[in-house]
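Here is the structure we will look at.
Please treat every number below as a calculation from the coordinates, not as lab data. These numbers were taken from a predicted model, which means no experiment stands behind them. Every residue, glycine as well, gets a Cβ built from its backbone with ideal geometry; the counts of neighbours run over all protein chains shown.
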Amino acid sequence: MKKGENVKKGFILILILINTVSIIYGSFSLGVSAGTALGVSSKYEFSENFAVDAGITSHILDNDGTIGVNGDILCIFPKVIDFESLNIPLYAGIGVCYEKNDITGLPTDTTVSEHSIGARIPIGFYYHFNITTSFAIETFVEFVPCYFTTLDFTCSFLCSNFNIGVRAAF
């Protein structure tokens, strides 16, 4: 088994565990995001000020076959934008990400690696539309600076992602 496969399986296992605990014990939301990549987004709020999120994305629009997974720890600032009946929490965090690039058909001298890992800093805001006392629709917008490196550390790069999304909060 390749070194990259072990990292990928371990990262996916951590995301599955976080989401399983989220569903069983707390305020969980699940939905979709679009922007730099399209994907599935989930979030678990431990409290009004602390959450974790995870996502699985694909660069379908770029048609480059890149698949990614990410997980973040978020610090929520619930009272930054607070008007009479309108409360829009801001958040910032730190996280990790993994991407698998489709390198089939590329020249052999290309610098694109099949696997890359990185650090990310999500910054954004969200708003809950309360449908019932136990169900809400959450919209969010985020900007995410990222730093990636290949698993063999031969190539590294900075990038940024912009996402908008909607999640059902249970």
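When only Cα pairs under 8 Å and 6 or more residues apart are kept, what is the percent relative contact order across the stretch 109-165?
Here the relative contact order equals 34 percent.
Please give, to one decimal in nm, the separation of the simple spin-label points placed at F135 and S58, each 7 Å out from Cα toward the Cβ.
Here the modelled spin labels are 2.7 nm apart.
Once label points are set 7 Å from the Cα along Cα→Cβ at both F143 and I12, what is their separation, rounded to one decimal in nm?
3.4
Please give the net charge around P145, taking every other residue with its beta carbon less than 14 angstrom from that of P145, where Lys and Arg add +1 and Asp and Glu add -1.
For residues surrounding P145, the net value is -1.
Within 14 Å, Cβ to Cβ, of I164, how many net charges do the neighbouring residues add up to if Lys/Arg are +1 and Asp/Glu are -1?
Neighbour charge sum, excluding I164 itself: -1.
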